[in-house]
Amino acid sequence: MSAIEFRHVSKSFPRLTGQQLLRTHILRWFGSGVRHGEFFALKDVSFRMQQGESVAIVGSNGAGKSTLLGLAAGLATPTSGQVIRNGRLNALLELGAGFHPDLTGAENLILNAALLGLSRRKTMERVEQIVDYSGLGEFINEPLRTYSSGMVVRLGFSVAIQADPDILLIDEILAVGDAAFQEKCRRTLDGLIHAGKSLLFVSHSAYAVREMCKRAIWLDHGAVMMDGDVSDVLDAYEGRALAPKEISASNSGREA
Amino acid sequence: MWAGEYSFVLRNLVEKDFKVRYRNMSLGIFWSLLNPLIMMAVLTFVFTQIFSNSSGADYPISVLCALVPLSFFQIAWVSGTSSLQENAALIKKVPVPRQVFPIASVLSNCLHLVIQIGLLLGAVLVFGRGVNRYWLWLPVIWGLEILFVLGLTLVFSALNVYVRDTRYVVESANTVLFWLVPVFYSFSLIPLRYHEIYQLNPVAAVVLMVRTVLLDGKPPLVHTLGLLSMVSFGMLAAGLLVFSRLTKGFYEHL
């Protein structure tokens, strides 16, 4: 059975984003507003990810990787096409989302667990384990504003990884903490993969991608350029990325 | 797909709000008490000393009966309206049901309401009005006000995602409301032909009934209570409906 399936998914954003003012809405109602058109972040993307599979999404900035994860997580609805999910999903799109600097580490931990969908009982059972994993020790009872940025993401990752998902969506978050903690994260994720969990993974680190995934999908300007074995895709993607002159030349040629 | 517990999330969001608000204040909870007391003192001074046609020893308490439900309504409406915008980062990253943000915002203002109701009841006793059995109506009256605010906040928080001016509309409406709710004047001064339409304003209806119970020692009018129930439940239903309609576009518009 597939864990996540995209069927001809497209996603567009109105170009007006950022100026949600009454004026623009009124102008649009009267039909005299300048229509700024739409921007397609994803264009007709189809793929199927099996259960227990780990797939990497690669591509340059603005290729649509985060939009793809947002759709996979159900945060956004596709403009056209269909996104199908089977299983309990945990989106690690941002570590420590909703953390507040004036609350202590422990208070933030519980709030974050609740937002991520852990029940009260499970949260209470796992508090100790989470604190342990984070390695924050006594700092856990200090306000978050006294933490270093590394400590904040360590706490965030420790909570998120406890939400026992079947499908993990990870957006560029493996660069957390120091080398030792990164190693620990990687081992935890390896363990989850071996336990048959599915992983959809966005990263700019070719090393991490090769390490974690057998398959990769290369996105470019919202469209799937290539889908296949991780080495082939990375070679093709990196080959292209290493020749930036050629790309800009061909791009300007297309637009002219 | 989000497998969490509503009650757990709501409780945590309310607790967060409360802790964040009071941890950095040396006077803490007294701020909740100070504000209505100051307003009560100022209004009493103006309307018994300057415009001295309102007299009577219980004028201050009558003002307080209105200030408590009115200020709850105003603050809950304004802060609830911007709640989605303030949590934009979370909404774009975590698949938690979006309703929790406006609801939690209203609920955390309910904590302040409870504190201020305590103040009001204390003041009623100080002014020599005893406890009467109609006090049992008070939870019903305030419960209906809370339902109304919940519905209103669901609508306006969702609108505010699409039209950022919504917040300013709410602020202006609140200023107008201060004059259209019988705060510093009594309901009996309103010309008879406006009575019906006045009671359709839920805040005015709440003020009216709170005064009837606390000052006159009578049960609230069935007519007023019926109107308020209708308006409150209607508003809540409308709020849930509008919110679920608008929720799909939050990701793009935040």
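The values are calculated or read from the model by the stated rules, or taken from the named source; none is laboratory data. For clarity, every value in this text was computed on a predicted model and none was experimentally measured. Don't worry about glycine lacking a Cβ; one is built from the backbone with ideal geometry, like all the others, and counts go over all protein chains shown.
Any residue at all in region B:126-142 that is within 14 Å of chain A (Cβ to nearest Cβ), closer than 20 Å to residue B:74 by Cβ and in contact with a Pro (Cβ under 7 Å, 6 or more places away or on another chain)? Working first, answer last.
Looking only at region B:126-142, we keep the residues that are within 14 Å of chain A (Cβ to nearest Cβ), and these are none.
No; the residues of region B:126-142 include none that is within 14 Å of chain A (Cβ to nearest Cβ), closer than 20 Å to residue B:74 by Cβ and in contact with a Pro (Cβ under 7 Å, 6 or more places away or on another chain).
Across region B:39-68, the qualifying residues are those that are closer than 16 Å to residue B:189 by Cα and in contact with a Leu (Cβ under 7 Å, 6 or more places away or on another chain), and the one among them that is surrounded by the fewest Cβ atoms within 10 Å (Cβ to Cβ) is B:63. Scanning region A:190-224 for residues that are under 15 Å from residue A:168 (Cα atoms) and either in contact with a Lys or Arg (Cβ under 6 Å, 6 or more places away or on another chain) or aromatic (Phe, Trp, Tyr) (or both) yields A:201, A:202.
Just to be sure, is residue B:200 more than 23 Å from residue B:58 (Cα to Cα), over 19 Å from the mean Cα position of the chain (by Cα) and more than 14 Å from chain A (Cβ to nearest Cβ)? Outline the logic, then answer.
Values: more than 23 Å from residue B:58 (Cα to Cα): yes; over 19 Å from the mean Cα position of the chain (by Cα): no; more than 14 Å from chain A (Cβ to nearest Cβ): yes.
Against the criterion (more than 23 Å from residue B:58 (Cα to Cα), over 19 Å from the mean Cα position of the chain (by Cα) and more than 14 Å from chain A (Cβ to nearest Cβ)), residue B:200 does not qualify.
Where helices (runs of 4 or more DSSP H) sit wholly within region B:74-153, those with at least 2 residues that are of a type in the set (A, V, I, L, M, F, W, C) and touching a residue at least 24 places away in the same chain (Cβ under 8 Å) occupy B:88-91, B:100-126. In region B:1-25, the residues that are more than 8 Å from chain A (Cβ to nearest Cβ) reach residues that are at pLDDT below 85 and part of a loop (DSSP other than H, G, I, E, B) with C-beta atoms within less than 8 angstrom, at least six apart or across chains, in these pairs: B:22/B:28; B:22/B:29. If the condition is being in a helix (DSSP H, G or I) and surrounded by 19 or more Cβ atoms within 10 Å (Cβ to Cβ), then region A:116-138 contributes A:116, A:123, A:126, A:130, A:131, A:133, A:134. Does region A:98-105 contain any residue that is without any contact (Cβ under 8 Å) to a residue 60 or more places away in the chain and assigned to a helix (DSSP H, G or I)? Yes, region A:98-105 has at least one match.
Going residue by residue through region B:49-59, is there one that turns out to be closer than 23 Å to residue B:209 by Cβ, of a type in the set (A, V, I, L, M) and not in a helix (DSSP H, G or I)?
Residues of region B:49-59 that are closer than 23 Å to residue B:209 by Cβ, as a first pass: B:54, B:56-59.
Next, from what is left, pick out any that are of a type in the set (A, V, I, L, M): B:57.
Cutting the leftovers down to not in a helix (DSSP H, G or I) gives us B:57.
The answer is yes; a qualifying residue exists.
Checking each residue in region A:72-84 for being at the interface with chain B (Cβ under 9 Å from one of its Cβ atoms) and surrounded by fewer than 18 Cβ atoms within 10 Å (Cβ to Cβ) picks out A:74, A:77.
Pairs linking a residue in region B:155-181 that is within 14 Å of another protein chain (Cβ to nearest Cβ) and under 19 Å from residue B:239 (Cα atoms) to a residue that is part of a helix (DSSP H, G or I) and of a type in the set (Gly, Ala, Ser), with Cβ atoms under 6 Å and 6 or more positions apart or on different chains, are B:157/B:80; B:157/B:83.
For residue A:63, the conditions (1) away from chain B (no Cβ under 14 Å); (2) assigned to a loop (DSSP other than H, G, I, E, B); (3) free of Cβ contacts under 8 Å to residues at least 60 places away in the same chain all hold with the exception of (3).
A single entry from A:216, A:236, A:249 fulfils the requirement of being modelled with pLDDT of 85 or more, assigned to a helix (DSSP H, G or I) and at negative phi: A:236.
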